[in-house]
Structure formats: C-alpha cells, structure tokens
Amino acid sequence: MSALVDLMDYDDVLATYDPVLGLEVHVELSTNTKMFCGCPTDFGGEPNTQVCPTCLGLPGALPVVNGKAVESAIRIGLALNCQIAEWCRFARKNYFYPDQPKNFQTSQYDEPIAFDGYLDVVLEDGETFRVDIERAHMEEDTGKSLHVGGATGRIHGAAHSLLDYNRAGVPLIEIVTKPIVGAGERAPEVARAYVSALRDLLRALDVSDVRMDQGSLRCDANVSLMPKGGDTFGTRTETKNVNSLRSVERAVRFEMSRQGAVLSGGGSIVQETRHFDESSGSTSAGRRKETSEDYRYFPEPDLVPVAPSREWVEELRGTLPELPWERRRRIQQEWDLSDAEMRDLLNAGAVDLIAATVEAGASSAEARSWWVSYLLQQANLRGEELAALPITPVQVARVIELVTTGTLTNKLARQAVDGVLAGEGEPDEVVAARGLKVVSDESALRTAVEAALAANPDVAEKIRGGKVQAAGAIVGAVMKATKGQADAKRVRELVIEAVSA
Amino acid sequence: MSNPVSDEITRSTAAELAERIHRREVSAVEVTQAHLDRIAGVDPEINAFLHVDGTGALAAAEAVDAALASGEAPASPLAGVPLALKDILTTKGVPTTCGSRMLEGWLPPYDATVTRRLREAGVVVLGKTNMDEFAMGSSTENSAYGVTRNPWDRDRIPGGSGGGSSASLAAFEAPLAIGTDTGGSIRQPGAVTGTVGVKPTYGGVSRYGLVAFSSSLDQAGPCARTVLDAALLHEVIGGHDPLDSTSIDAPVPPVVAAARQGASGDLTGVRVGVVTQFAGEGYQPGVLRSFDAAVQLLAELGAEIVEVSCPHFDYAMGAYYLIAPSECSSNLARFDAMRYGLRVGDDGARLSAEEVMSLTREAGFGPEVKRRIMIGTHALSSGYYDAYYGQAQKVRTLIARDFAAAYEKVDVLVSPTTPTTAFRIGERVDDPLAMYLADLCTIPANLAGNAAMSVPSGLSDEDGLPVGLQVMAPAQADDRMYRVSAAFEVARDAAQGGPLIHRVPDLAVTA
Amino acid sequence: MPAISRDEVAHLARLARLAVTEEELDTFASQLGVILESVAKVGEVAAGDIPPTSHAVPLTNVFRADEVRPGLTQREALAAAPAVEENRFRVPRILGEEQ
C-alpha cells in the first residue's frame, strides 16, 4: 500500500513545513444506560438485544437525557480546565446513514457543555506541552455495521451489510482540541502523549473504560502542514480509525510525510477523510463525497435545554479525584524514585498496582519489587499486560505480609503467587492446600539434620574438620527432605550446632 | 336499516354512556358492539377508520364488564366507553400507518403513553382513524388510503389532518376520539364537522408514541361531541410522563370541574378578548356572522368582551410553514427502509442502501409530505438558516409575547376556528397555499404552546355547514377555555333548539 | 428570497433522499417557489435582538436516572425489518463512509 504513496523524508518535511494538528477524541461513557434511553451499554451483547423504541428510532419514540452522562460530561470538562456552559442545548446533526437509526445524530452544535480548557501533557523527556481544548460536548454513538461479501469484510466491495444497534445511543463525549501548533518534530509524539494523558485522566475520573481496542476511546487526527514560519494553516486531512496510542503517532507521522511529498511536488492537499491501516501504517483516502456535507443542525426540539446550576458544578468539582499527573508527582516523591525508575514503572503499567498494594498494607519497596520482577516476568511469559494477571494488589500484599511475618520464605512466597495465578484461591488457601508453611518446628528440623548427617558421615567429617562450606550439602539434603519448607538459614545454623556438639 | 336501541346508544354522550355502564344498566360490550355495528354500517361511506379492531375492542369491553361485575370501582370515569384513535399514535400489535404507504402493515412493538393511559382507564379503543399523511394537511385528502367524507355533506372534506377522528364523532361511530394538533389538526376538523376539538397546552399530554410531525408543535388532545366529554377524556390522557422530556410536571388543570362550572351558564366577570387580526379578507361571511353571534351570546352570559390586537399573528403562517417543515424534514428521515416499513428497489445486489432509501422515500411519501420535507431541508440549509428557520423562531417569540400581552387584559381569546366551512373534496388539492389557509387562526396557539379549542358555534347561514368558535387560553390554564366553551355550549343549544350535532343528516346504513 | 430553481430542487431532493422524477422536479420547483415566497414574509419583521424560541415549554434540566429499563426483545426489535440475517438488520450495500 504505502509503496504506492510518495513519502517525503521526515527531516525534510520539518525543514520546510510546520505541522498543525487537531485531535478529536470520542469517549464512550461507562454509564449503566444509554444517553437517551434506559437500555444497557454493555459491550459484546447478542446483536439487537440492547435496544428499545428510542434507540432503534421507532416512530413516536422520544429521548430523555441520562443525568449521569451530563454529570460525567461536566466532570470531564472540569478536569480539562474548561468553562461549563450555564445554558446549552442539544442539536440534531442531520445525515442519512444506515447505522444511525433516526438519520440524525443527537449531539451538541454551537452550545457545547464544556469549552475553552487545556491539558498539560508530559512528553518522554519530562517536558510539558500544553494542549488547548476547544470544547467537549455530549452526543450519542451509532450502531455497528458488518459488511458481508467482498474480500476484506470492509465496506468496499461488500454485497450487503448487517446492522446491530446495541451500540446506538451509547453516550459519547467528543473532546476537540484547538489547533496544536509549535510541536514541530515532536508533533507525532505530542499527539500520542495527548491521547495517552487524556486516557489516564478519563480512567482516573472513572467515567469510561477507555479501551481503544474495543472502541470506547477513538481518535481522529487532523493534520496539515504550513510553510515554516507561516501563520496560515494548510488544508487538513482527517484520519479516522486510529485505534491505539502507537497508531496515533504513526498516523500523524505518515500524514506529515505524505502531505510533505504532495506539497513539495507542487500538488495540493485535498480536504478529505482518510483511513489508517494498522498493518501498513499508512493512510488511504475515503470515498469522495459528491456534494459537500450540510448537516442542517438545529436545536433538538424533543429535549429541553441543560442549565447546570453553579452549585451543581462546584459540587462536581469537589468530586474530582487527584489528577493522574499530580498523583504521579506525589508517588514519585513518596516512593523516593528517580525519574528513570518512575518511567520504568509507568511503562510497565505498574504504578496503580503498586499503589494499590501499598494501600493494602505492603511497603512500597516490597510492592515495587514484586510487581516489577517476579510478576512482570509472569506477565511476559503469559504475553499479558501486568494488570491482566489474575492476581490482585490485595493478594500480593497478603503474600508480602506472610513473608514479613516469617510464615513464608521468598521461595515459598513465589509458589504461593503461582498458586493464586493458577486459580487456586486466596494466598492463605494456596499456602494451606500446597502445605507451603515454613517448617519452624525445631525438633523436627533437628531430627532431619541428624538424619542427613547420619546418611552422609563423610560430609559430617569434613565439617568437623573445619570445612564449613561443606555444610551446604547437608542443608540441601534437609531442604529436600522438608520439601523446601524449611528456613535454610536456620537449617545451616542447626547443622553447625549438631556437628560441633 | 337502523336499530333504535343501538341508535340510542351511539347518539349518547360519553358521560351518559359511562354512567349507564357503571350502573350496569348496559354493558360495555353492548355499547362497544353498537358502535362496531354502526361503523360496519356507515364507514364504507365515510371512511373514517383505517383499521377497526373489533376483537381487541370487545375484549377490552369484556374486561371492564368483568371488573364491574366483581364489584370493582370503574378504572376511570370513562371506563367502558368506546373511542376512535388517530392512526398516528402507536398501538402495540395493532397497525399504525399515519395515513402513509411508508408504514403500511407496520405493527408497533409498543403503546404510546396516550394509548396506555386509555387502556388503563378502561376506555375501549375501537380502531384507528384516517388522517392526512403524517398529519400534513387540512382535509385528509393527503391520506394514502382515500379521503374521509364529512358526514354533514359527503362531497366535502372533514378537515384535517384528523378528519377521521372528527368524522367518526359526527357519524356517531364513536362518542370520543383522539386527535393530534400541530397547526390546527384537532380544531379545524372539529369546526367543520360540528364537534368539539381540544389542543391542550403543549406538554400537557405526553407525546411519547405520537409519531412526530413537528416536535415543538405537536400536541395530542381529546375530540368529542360535548365539552364535558372532551374534559373527561382530557383528564384521562393528560398529566406528566417521564418518557417525554417536554411533558409538564404538574397536575392536569381541573378541566372537568371547569366544564361543569361553565355548564351553569354564567360567565360574569370573565374577560373575553376578540382578536382583531382574525377577520377580513379570506373569511367566509357566514362564518363571521356565526362568530359575531357567538360573541354576542358570550356577552349575554355575562362575559366582558374586549377587542385585542395581536399584530405578529400576521406572520404566524409564515413562521409555521418554516418551523414545521424544518422539524418534519428531520423527524421523517428515519423512514429509510432499513429497520421497518416499506422497502423499494432492494434487488439484493445492484442497488445500494442509498439508492434504496431514495427510491423507498420517493414511493412511500405522498406529494405534500415531499413538499414539506424539501421546504424544511431548504430552510435548515447553511446560508438559509438565519433568514428562514432562525427568523421564524424569532417571530415565534414575538407571537408568544403578543399572547402574553393579551392575557394581561383578558382571560381567554376567541376567534373563528377556521376561515371557511368545509370545502369540497378536490377543491384545494392543487393549491398548497389555499390549503394552508385553513389553519390561519389555529397556528398561533401552537407556536406559543398555549391551549386552544374549537366548539361548534352553529351553522353558516349560506351553506348550512358547521362553524367553529375557537377559544384560547394561556399555557396551563386549559380549564378557563373549558369553562367558557361549556357555558357557550349550553347557551347555544338553548338558542338553537337543541344540540347542533343532532342536525347531522341521517346516513344511509348499509346492512 | 427569489424563486427556487429546478437544480436547487434536485439538490434538496438528493439531500432528503427522494428519488424524484423529472416531472416532479418541475412541479415542485414552481410549488416550492410559491410557498417560499409566501413564508419569506417572516423576513419583514424587525426581530434583530429578539431571542429565538426553540421550545414551547420553559423547562430545563429534565434528566433520567441512570437505571436500566426493559427494552425490546430481539424478536420484537427485528419483527418489522424488511430483511434479517444473523439476528441483524440486513440492508443493501452501503456506499458512503461512516461520518
């Protein structure tokens, strides 16, 4: 695919042009019910089982706003440092498309609930880049189409399509940035970092699942180039279907190179929608529309205006959690980590898990050690994210406690964790079932030591003769005899004691 | 062939029937059967019904009788009384077409709130009545299923869009009916059929399940042969509905009490405003004479008559024919052949969804609906929005202000309901603007969201056809217009020698 | 506002997904022209600073609790569909892109 497209060397693009970005992120809210009706929003249900007259667009059915969705929208707006509208309306965006049951989308037009905010984004090297937010508004999702026939399951070449309206009407918040200028060579990184920061923010607010893979967070990237040092934006393209953080970065970079090649070759950019292809990392033009779209927005007459009182807004401001970057700063300080150590934890996705483990009573050093060494290894072996491991921070904290109190050795503790990961239950259940407790019964240990010395008279002799390091063989034999459940250090002491007696 | 017993039933008022059913002097089943027989006899001539649900009606009537027999109190003051439902309100499992080919054969999977409230009140739904397609029209000639004929003169229109509901009352096929009124679709048919039609305050009756024409104007309301019957029905269907965001969260104004109070015939201290804008060119002289006589009668009942000017009413028609088509162009977009209703041109391969949508909408909608969709599409287009839709909404504000100013001086406003008596079938079909004039006097109340009703004022002296008196009241003061209308009704009957409706010519009943 | 051209009517019909006939284009062009001329009278009103009315009721903040309500069964949802396949609404091939 990309071989057919002329690309300009990235450094050459930057030598000639300044990139301008605009990012539109759609977030599906994790409310129990849809934006305008009482249907559930669960992902992955049987087709057309989460529908009612309203979200199916049946004649006569009417919408009623989900108050929780408005609350989430206001909280998102506040977290993005936005103004919250004193009065705003929903509007109808009119266009025909089969995935849209009413052939209009109930959205907001010139009266968004939140506007004029910003998000400070921390880049790889710790530098902060401020992204200005134009608006955040409420709307509804569409249904899902399945394209049948044709080679790829894609829309082109399909013989017909199948529609499932379970997703139709799921609450969406669309967050739109102001044009992002001045990012220069770091534009792709800024785009990625922005979406990443936004995702963390939304997760902290507990308003969305923010699963890019399931489409609960979707990003459209607008990219244009203007001659270096200029102030007139170039024609932009809008790239859709950018479904991972990595793709956001790649798509922006690709468009910059593609547009650079077009412009420097004397061509002009066509304002169009482009699709990002994950496998090739390239974008391709969508089908050109025969007429320019005219959405004929007008105020939604079936819904009354939303006028959040200032008291309500302030009350919601009080519910905002510690924001992710503030929390990160605090944690780094409390755990006494270097920037590099902190970045490693972030990259491993371990910060929240460690924090929760600390919350459950473990020391930060122990918690960190467990998550970034043994558990990270296990996750890598399984090819899973750390967070996807079937063990909870509370369980990890319990294992650490068992070690601290001397019930388990580190080796036994790893076996206890293995048991939890294997689905054998809580750490205490695994310890009991697998008989993992340290053998601390001194007389039993002494008996085992005597037996081992008796079975290895030559070794005993060596020890007596001053070759203390030979004790290792006896310790090993005792550990074997006790199935590893003895405290090796204590066994060693007992061996020396017995030989010298 | 008419049957004296069932004639006696079908000519009774809803209040009378309810009383007799509740005293168990007659069963709800007998009353329902009498109306079903009447429909079978006269409807081939009138065509008021698109669908008669005899089985459902009799089952509902039986349930009422059984409850009464077991000693239960009636579910409502209208339990057991039959009703004709405009085919724009959804009925679960019963066809709902909106008078359009687009919805031929559609069985809704849910009941409108009005339908549900009727059922819960024990009101017996006889069937669904004819209407102009998607409620766009003033004559029912825009129905895809044939015109409804006016029982007063079968060569004339019964009004519209709710001509089927009003005609069913005037033909004694039902004592009660439900209509919907976007620009006059309850009141104008009421006027030209000599029946009572009420457009409640916007938000007073739930719109959930009312297939939307123009969402900010549509309002369902009661149709009846007497003011009291309309009030009884109003209280059954009215009140807050959490499924309609524009529903008013307040009790229904006490319309039944007001109707009873009005029936005492005393209007002392009531200030009645006559809107000066509603007269002059385009008004039939006989209509104006009937109106003047009605005002005279109100004065005789003790009302104080005041002339009121509402200058922006002159722009109401223009504003209406921008706002209603704009909203309709969006509301009717859902009829696209994808999920329900008609589908035309799907050959399984060649034609795209876009083409099938366009072919279906072309085939499924009649000319008036297409005209309005295109006007609305135009009025909302970028470049035209401010001059058309935006300006119309400002005019709407000015009209509401005219009303507010008037209601500072008077309690109710009156006017003729419609400028002429029933016109002849076919007379205006090729002239949309002439058709639109039928709603000249009714539109302002829709734009302002106020209450308004039509009560028969008499017969026009030049053609012997019914004329309606429109009585308007502020939002949430529906009771005021019921009081005035009920007082007027009593005085009119006294002055004209009995109920006007009894002067409907006999219809030949097909055996 | 001036009368409306045949081309404009064709454009409106496309936007509104109406496959109008050639004959209808002529009829509608003249009828829409007459209607638009008549409604354009609203433009005569001096309404510069008048706030527009979009809703007839003075209500705000009508919200629903975030509680699941029973909807339709799959069978009910699909009952009126012109075509069904794999419990989904089957529609002809879609040409345009998602918005």
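A few comments on the model shown:
- 3J(HN,Hα) along segment B:353-370, derived from phi through the Karplus expression 6.51 cos²θ - 1.76 cosθ + 1.60 where θ = phi - 60°, amounts to 4, 4, 5, 5, 4, 5, 5, 5, 5, 5, 7, x, 9, x, x, 5, 5, 4 Hz, with x in place of Gly and Pro.
- Rough spin-label spacing in nm, given labels placed 7 Å along Cα→Cβ, for A:Ala454 and B:Ala257: 10.5 nm
- Residue-averaged beta-carbon neighbours from other chains (10 angstrom radius) around B:382-394: 5
- Partner chain coverage, peptide C:25-34 - average Cβ within 10 angstrom: 3
- Three-way shape label, segment A:177-216, alpha-carbon gyration tensor, a/c 1.5: prolate
- A straight Cα-to-Cα reach below 16 Å connects A:Lys68 with the lysines A:Lys34, residues fewer than 8 places away in its own chain not being considered.
- Chain B: Rg to Rh, with Rh as the Kirkwood radius over Cα pairs: 0.96
- Hz values of 3J(HN,Hα) by residue in segment B:99-113 - Karplus curve (6.51, -1.76, 1.60), Gly and Pro given as x: x, 10, 4, 4, 10, 4, x, 6, 10, x, x, 8, 8, 4, 4
- For C:Arg64, the residues whose amide H sits under 5 Å from its own are A:Val65, A:Asn66, A:Gly67, ignoring neighbours fewer than 5 places away on the same chain, with H placed 1.01 Å from N.
- Those lysines that a straight Cα-Cα span of less than 30 Å connects to A:Lys480, excepting residues fewer than 8 apart in one chain: A:Lys411, A:Lys437, A:Lys462, A:Lys467, A:Lys489
- For B:Phe423, nonlocal amide neighbours, meaning residues 5 or more places apart or on other chains whose placed amide H falls under 5 Å from its own, are B:Ile157.
- Put the Cα centre of segment B:442-511 next to the Cα centre of segment B:71-109 and the gap is 25 Å.
- Annotation for segment C:1-73 versus segment A:132-199: alpha-carbon center distance of 30 Å.
- Put the Cα centre of segment B:1-66 next to the Cα centre of segment A:200-236 and the gap is 65 Å.
- Using a Gaussian network model of chain C in which every pair of alpha carbons under 10 angstrom is joined by a spring, one finds that among C:Ala19, C:Ala40, C:Ala77 the greatest mean-square fluctuation is at C:Ala77.
- Gyration tensor verdict on chain C (Cα atoms; rounded if a/c is under 1.5, prolate if a/b is larger than b/c, oblate otherwise): oblate
- Other-chain or far-sequence residues with amide H under 5 Å of B:Asp87's (modelled H): B:Thr129
- For segment A:442-500, pairs of C-alpha atoms spaced more than 12 angstrom apart make up 58 percent of the total.
- Here the Karplus curve 6.51 cos²θ - 1.76 cosθ + 1.60, taken at θ = phi - 60°, turns the phi angles of segment A:251-267 into couplings of 5, 5, 4, 4, 4, 4, 5, 5, 5, x, 5, 5, 5, 6, x, x, x Hz, with x standing for Gly and Pro.
- The alpha carbon convex hull volume per residue for the protein assembly as shown rounds to 226 Å³.
- Those chymotrypsin sites (Phe, Trp or Tyr not before Pro) in segment A:86-131 that DSSP places in a loop and that have at most 15 other beta carbons within 10 Å: A:Trp87
- Distance between the 7 Å Cα→Cβ label points at A:Gln415 and C:Glu86: 4.9 nm.
- Footprinting exposure proxy for B:Tyr340, B:Tyr384 (fewest neighbouring C-beta atoms within 10 Å first): B:Tyr384, B:Tyr340
- Tensor-based shape of chain A (alpha-carbon gyration tensor, a/c under 1.5 rounded, otherwise prolate or oblate): prolate
- Where trypsin sites (Lys or Arg not before Pro) in DSSP loops with at most 10 other Cβ within 10 Å are excluded, longest remaining stretch of chain B: B:24-349
- Rg/Rh for segment A:1-126 stands at 1.09; both radii use Cα atoms, and Rh follows the Kirkwood definition.
- Fraction of antiparallel bridges per DSSP, the protein assembly as shown only, in percent to nearest 5: 80 percent
- Mean silhouette area of segment A:288-386, derived from the convex hull of its C-alpha atoms and averaged over all directions, reads 13.9 nm².
Values quoted throughout were computed directly from the atomic coordinates according to the rules given, and no laboratory measurement underlies them. Remember, predicted model here, so these are calculated numbers, not experimental data. Positions of Cβ are backbone-derived with ideal geometry, glycine not excepted, and every protein chain shown enters the neighbour counts.
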